[in-house]
1. State to the nearest 20 debye the size of the charge dipole of chain A about its Cα centre, where the only charges are +1 on K and R beta carbons and -1 on D and E beta carbons.
2. For chain B, what are Rg and Dmax over the alpha carbons, in angstrom?
3. Measure nothing but the geometry: give the 0 to 90° angle between the long axis through the Cα atoms of A:350-373 and the longest principal axis through the Cα atoms of chain A, rounded to 10°.
4. Which of B:21, B:240, B:136 ends up with the largest GNM mean-square fluctuation for chain B, with Cα atoms connected below 10 Å?
5. Over chain B, what relative contact order in percent results from Cα pairs under 8 Å that are six or more residues apart?
6. Please state the Cα pair-distance histogram of the stretch B:5-118 with 10 angstrom bins from zero: what percent is in each bin?
7. Take A:288, A:250 and sort them by solvent-accessible surface of the protein heavy atoms, 1.4 Å probe, largest at the top.
8. Accessible area of residue B:212, 1.4 Å probe, to the nearest 10 Å²?
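The values are calculated or read from the model by the stated rules, or taken from the named source; none is laboratory data. Values in this document were obtained by computation on a predicted structure and should not be read as measured data. Methodologically, a virtual Cβ is constructed for each residue, glycine included, from the backbone with ideal geometry; neighbour enumeration extends over all protein chains shown. Side chains are part of the model used for accessible areas, which takes the heavy atoms of the whole protein and leaves out ligands, DNA and RNA. Shrake-Rupley method; radii C 1.70, N 1.55, O 1.52, S 1.80 Å.
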Amino acid sequence: MNFGFNEEQKSLGDTVAALLADFPALTGPDPAQARDPAVWQALADLGLFALLVPEAHGGVGLTLVDVALAIEALGAGLAPPIAASTMIATDIIVREGTAAQQASLLPRIATGELRIALAMLENGQGYDPDAVQTVMGGNGVTGSKILVPDADIADLLLVLSRVDGGVGLVLVARDARGVSIRHHADIDPSSGLCEVTLDGAALMDDALVGHAGSGDVVPRLMDAAAIVYAGMAMGMAARMLDAAVDYAKTRVQFGQPIGAFQSIKHRCADMAVAVEAGRSAAYYAFWTAAENDPDRSRSASMAKAYCGEVARDVCNETVQIHGGMGFTWELGLHRFLRRAKVLEHGFGNHVWHYERIMAETLAAQAAGDKAQAA
Amino acid sequence: MDFSYSPQEEGFRTDLRAWLADALPPGWGETVFEPEDEDERAMFRLAWEKKLHAGGWSGINWPVEYGGRGATLVERAIFAEEMARVGAPEGLNIIGHNLAGSTILRHGTEAQKQYFLPRILSSEDVWCQGFSEPNAGSDLASVRTRAERRGDTFIVNGQKIWTSFAQYSQWCFALVRTDPDAPKHKGLSFLLIDMKSPGISIRPLRQISGECEFNETFFDDVEVPVDNIVGDINDGWRIAMTTLAYERGPEDALGRQIRFSQELEKLIDTVAATPRGDAMLIEDPIVRQKLARSVTEVEVMRLNAVRTFSKYLNGDDRGPDASVIKLYWSHAAQNMYEAAMDILGPTAPIAAPDPLSAGGGRFQLSYLQSKAFTIYSGSSEIQRNIIGERMLGLPR
Ligand SMILES: Cc1cc2nc3c(=O)[nH]c(=O)nc-3n(C[C@H](O)[C@H](O)[C@H](O)COP(=O)(O)OP(=O)(O)OC[C@H]3O[C@@H](n4cnc5c(N)ncnc54)[C@H](O)[C@@H]3O)c2cc1C
């Protein structure tokens, strides 16, 4: 047992962080300036999208745990959401896709040719994937999706849909007949959140990913996405903690750095503990997903619920520690506050995931009692 | 990163399971529990510790040459999991194993190791910790208990306070002042004191919970052989910092996590069996949210400990991350007991031995006991200072 990252995994994280730092507009004050298409190309040139693709399909064949720190860096650098979405979709296609889907899609994902957006939520339906109303039928997919990050710049949409009485994932080209896209007005314009209306949208050949209903495809997607979002949330939280600590060391009031006041110092200490705790939860979840461990769903929900709360709290405290500066547009802390809200509500918020943890825990406890009785 | 188990490690688990099945009294945790009476309970725990030792399961992480098993990190984690699974009793000599033993292993002379370590492992010697004094709590370096050297002995005079388990202890490790003229951190020494020595008296102090686990300990011309010093004279602060690193570190946290996860499981079972109106309490969505948060926090306690172990194994020094671990578990555990009281609702105040108390009244007692978590082993405020200054580099 070892709960540490190796040098290669660490250096991947450092490399992604360094690359994103070359695009200061990503974390600059104006969210509208933060959607630079050059970022995608730079990440693709770096080979980020090849990492999860198996070698047989032109990739590197790494697992989610290998890219955990790279994903943290995507969060910390407020990278365009399509990067994470594409990686989540890659995981699903690698794990659950048909041989034909893998052969046609994975090599193009590896080179950065395909951007994939995740179309999950629907108006009036809450977070539960089983409640989805969008339906795949003989003449395409029909339904309406909301809050799809970067849908407008995607090549493909991975759409949660009713299929043959169950729930599954289907692939639709963004420019297919019957697809229309509208930008939301929303709290984080840099996330490119869109409403996607599917009106008998034409399916790609071999559009259904995995098996509908019975299989693991939807739970796997929810788990992988929850874990990736948790990882990004921790990247943001760690970056905000650093900002708060730096400011506490340099801002002088009453003749001393504010960090010498215990009420500030202790807040920073509590944030540091929360960041470490959140990372413990997130890293373990990355491992369970990489191994497809029986604890995968429980740990994914723990990570998503907990890290979402940590990121929210740390962003809030960091604004407070910056005083009036923290409230300015120019300093740009609001960018993290905004993105954190989007991550918190994507793929189930903490309430939804805590409920899922409880269901998993009760099931495990019942199974344990049964085993003991036998 | 890897959490999987090798066949050897699974073998370790199987052996331990088999041993536990034999060692625990029949009906343990269902019809058979620890004794209610405090002293009887202490003796029960001591007997359990001795049983663990007889079975070769005491101090499994200690080096083989001093009677341990040289267990790997994984084996320790397995040990913790299996103990939790069966709801094994706690030990009495936790201070001996975790603090005295670890400190002697690190800084003791060979003769001290040869003499003390096997006796700790077998719990022949139970230990207590003589650090705090009435005027030296958080400000530990201002202890005043004096030790004057006369020939081959130190003569110790003074008072310690909050000395847990002194009434059951054969030995005490104490931080004492050997040079009153030196700056406060530089005049301290770390002594091992035989509790049977003439001149030691103890007076029990009653705690929040009504129990008397801790004491005042008085030293009146107590003679301690000079051979019983750990480290050099006036180098006691450095030695005591090692003790504190273990007191706050992942070993300690993992042991406690076992207890908390057992209690949480018990809480969930209790809530699942408690009717509330027409439904069961476990169906209440607010109750489920609170429980799930504690499930998560108790799991994070374990992960934090394992992650820090891994850092040590990968070559990092023991540093302020022990404070991160301690600050986390202490508050998470308090949250859990607070949640338990919230969840029980109107019957929350009913305690043992009232027949209507939930879970045998354990949650009320644990709730009261949990108030100590953020005070001992360095209060939360002290941990926050350490994290703020030594980990984050904030100014003093
Ligand atoms: C159940 C229990 C068992 C114990 N067992 C032992 C034992 O076996 N052996 C032993 O030696 N000791 C033991 N202790 C003592 C324990 O270590 C001390 O209580 C602890 O170090 C705090 O010291 P104090 O009680 O003097 O409180 P104080 O130091 O007086 O603290 C009072 C309050 O002031 C705060 N405070 C103090 N200094 C600062 C600061 N610089 N900044 C901000 N806030 C500050 C504290 O956090 C606390 O909230 C035990 C305590 C308890 C509760």
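1. Working: 27 positive and 44 negative charges, 144 e Å.
Result for chain A is approximately 700 debye, rounded to the nearest 20.
2. Taking only Cα atoms of chain B, I get Rg and Dmax of 21.8, 77 Å.
3. With both axes taken from Cα atoms, the answer is about 70 degrees.
4. Comparing B:21, B:240, B:136 in the GNM, the peak value goes to B:21.
5. Values: 610 pairs, mean separation 45.9, N = 396.
The normalised contact order for chain B reaches 12 percent.
6. Result returned by the calculation: 12, 41, 33, 13, 1.
7. Working: A:288 0, A:250 100 Å².
Solvent-accessible surface, decreasing: A:250, A:288.
8. Result for residue B:212: roughly 40 Å² accessible.
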